[in-house]
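Heads up, the thing below is written out as structure tokens.
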Amino acid sequence: MSLPIPTDAPFSDTQRMWLKGFFAGLGLSAPTGGATTAMEPAATGEPLAILWGSQTGTAEAFAKQLAKKAKALGLTPTIYDMAAVDAATLAAMGNVAILTSTYGDGEPPDNAAALYASVMAENNALLAGVKYSVFALGDSNYPAFCQCGRDFDSKLEALGATRVSPRVEGDCDYDTPFATWSETLLGVLASEAAA
Ligand SMILES: Cc1cc2nc3c(=O)[nH]c(=O)nc-3n(C[C@H](O)[C@H](O)[C@H](O)COP(=O)(O)O)c2cc1C
């Protein structure tokens, strides 16, 4: 069963991608070469690396929520503590979701510090194959609001990675921005996997 989005429907490209992916996740689109039945996840095992940088566990908890949602859509998520990832490992990861808070005065949380330093020190087009999106957690009472997430986002782009959906920033209350970010990102990935 297919559910086309009318060409004159008032959606942006990002919204169209999201809707396409959302319908795909519900089994409401027919991938080329085969029919799907309703409610069958459409994305067949596409890997997604989920990296978290967190001082007190908030970003890590959202990383786990993202993994659950990704699985439900038929993706294959793997969660990584940023302390276990370096720039070279990141370069080989393919689809990457980054969830990170900011600490100190605009600094990365401790477990993200080494990866942050190695990524910021790169100046080659190291990440050409990476497709990524950033969810930044912070508190606008601090002058360097969400700085760590912002830095990862802009540096990854500068290193040749492709931002598959826009960075979303949460200001102390994260549930709504996380829902927006995760649904947009997973919609794009599921849509690509179903294409
Ligand atoms: C000591 C301290 C410093 C912080 N510095 C910043 C900051 O510079 N910028 C920012 O946006 N948020 C800052 N925050 C807010 C945290 O990013 C926010 O509380 C976040 O939810 C923590 O998430 P986590 O548990 O994943 O580390 C700071 C919080 C603390 C306690």
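General remarks:
- Considering segment 62-72, the residues that are free of Cβ contacts under 8 Å to residues at least 60 places away in the same chain and either among the β-branched types (Val, Ile, Thr) or open to solvent by 50 Å² or more (accessible area, probe 1.4 Å) (or both) include one that is farthest from GLN147 (Cα to Cα), namely ALA72.
- Looking only at residues in segment 84-108 that are open to solvent by 70 Å² or more (accessible area, probe 1.4 Å) and within 20 Å of GLN55 (Cα to Cα), the one that is farthest from the ligand (Cβ to nearest atom) is ASP86.
- For segment 109-122, taking the residues that are closer than 23 Å to SER140 by Cβ and within 18 Å of the chain's Cα centre (by Cα), the one that is least open to solvent (accessible area, probe 1.4 Å) is identified as ALA112.
- So GLU192, is it over 17 Å from the mean Cα position of the chain (by Cα), among the charged types (D, E, K, R), more than 13 Å from the ligand (Cβ to nearest atom) and over 20 Å from GLN55 (Cα atoms): no
- Close pairs from segment 180-195: first over 13 Å from PHE135 (Cα atoms), partner at pLDDT below 95 and acidic (Asp, Glu), Cβ under 6 Å, at least 6 apart: ALA193/GLU46
The values are calculated or read from the model by the stated rules, or taken from the named source; none is laboratory data. The shown structure was predicted, so the numbers you read here are calculated from the model rather than taken from an experiment. Neighbour counts run over all protein chains shown; Cβ positions are idealised from the backbone, glycine included. Each accessible area value is taken on the protein alone, full model and side chains, heavy atoms only, with ligands, DNA and RNA left out. Shrake-Rupley method; radii C 1.70, N 1.55, O 1.52, S 1.80 Å.
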